[in-house]
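The values are calculated or read from the model by the stated rules, or taken from the named source; none is laboratory data. Keep in mind that what you see is a predicted model, and the values were worked out from it rather than measured. All Cβ positions, glycine included, derive from the backbone under ideal geometry; neighbour counts span all protein chains shown.
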Amino acid sequence: MKQTVIGVVAWLIYRLLSFTWRITWQEPPCMREALERRRPFIVAHWHGDELALLHVVKRYRLATLTSPSKDGRIMGTLLRLLGARVSVGSSSRGGAAGLKGLIRLVRAGHNCSFAVDGPRGPIYKLKPGVLEASRLLDCPIYYASITCDRAYHLHHSWNRAFLPKPFARLTIEWRGPMQALTRAEDPRDPLVMGRLEHLMLQAKREARVPGQQAVPVPEHTAP
């Protein structure tokens, strides 16, 4: 009950704040066409970018995974109020059931979203769930690059999260797609994981958020 109340309060604050943001969208033509024709796709982002992206759930008809933890229940309440569909599970608890629930939601007409280094990190290290979903659903993956001109930074959080300030200017650019994995590809193959991780690190490095540390692209993740 307590987590639900906190989630409702967080939703009210977030809605008021996000109404003030001035947002520019950059979407590949194939992504816009998929939206119009209701062809499913996956959007991927780093966990630290999540607060800048929560408001996109209705625009993209998103379903996502949330953790069964206390923080996960708060986030689940917030996401539902914003218009998302939620499946509960994580890499450490209920992961298989959560992924199955997410797949059911996509087959029912939603697109899905993955914070690929969540829920506990390590930061900027991709986990295979997004690739497993891509293979099972035959869905391409788009990944985010976010530019923000002013933001609050959660410096003590493991994911280096940021929240755009009132009246911030945001550019949300979706890149890709990385095509769906084939049945013959292994989502846990380091080369397959490294390909998407490298693309997402490159997009993050090119994003501009004042006060946020630069993100290196390790050589070993190159595709």
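Table for the structure above
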| read-out | value |
| --- | --- |
| Complete set of residues in the stretch 178-209 that are out of contact with any Phe, Trp or Tyr (no Cβ under 8 Å at 6 or more places or on another chain), within 30 Å of His153 (Cβ to Cβ) and of a type in the set (Lys, Arg) | Arg195, Arg205, Arg208 |
| Verdict on Thr147 being surrounded by fewer than 20 Cβ atoms within 10 Å (Cβ to Cβ) and polar (S, T, N, Q) | yes |
| From Leu12, Leu16, Leu82, residue being among the aliphatic types (A, V, I, L, M) and either touching a residue at least 40 places away in the same chain (Cβ under 8 Å) or under 19 Å from Glu173 (Cα atoms) (or both) | Leu82 |
| Members of the stretch 111-128 found to be surrounded by 15 or more Cβ atoms within 10 Å (Cβ to Cβ) and closer than 16 Å to Val215 by Cβ, listed by number | Ala115, Val116, Asp117, Ile123, Tyr124, Leu126 |
| Extreme residue, modelled with the lowest pLDDT, among residues of the stretch 203-223 that are buried (at least 17 other Cβ atoms within 10 Å of the Cβ) and in a helix (DSSP H, G or I) | Thr221 |
| Any helices (runs of 4 or more DSSP H) falling wholly within the stretch 1-96 and containing at least 1 residues that are aliphatic (A, V, I, L, M) and crowded, with 19+ Cβ neighbours inside 10 Å | 29-37, 50-53, 70-82 |
| Residues satisfying the stated conditions in the stretch 118-146, i.e. closer than 14 Å to Gly48 by Cα and within 15 Å of the chain's Cα centre (by Cα) | Gly118, Pro119, Arg120, Gly121, Ile123, Tyr124, Lys125, Leu126, Tyr143, Ala144, Ser145, Ile146 |
| Candidates Ser157, Ser134, filtered to the one that is at pLDDT 95 or above and hydroxyl-bearing (Ser, Thr, Tyr) | Ser134 |
| Residue count for the stretch 36-55, restricted to those that are touching a residue at least 60 places away in the same chain (Cβ under 8 Å) and either farther than 30 Å from Pro122 by Cβ or touching a Cys at 6+ places or on another chain (Cβ under 7 Å) (or both) | 5 |
| Candidates Ala184, Ala207, Ala108, Ala151 - the one that is under 22 Å from Arg38 (Cα atoms) and small (Gly, Ala, Ser) | Ala108 |
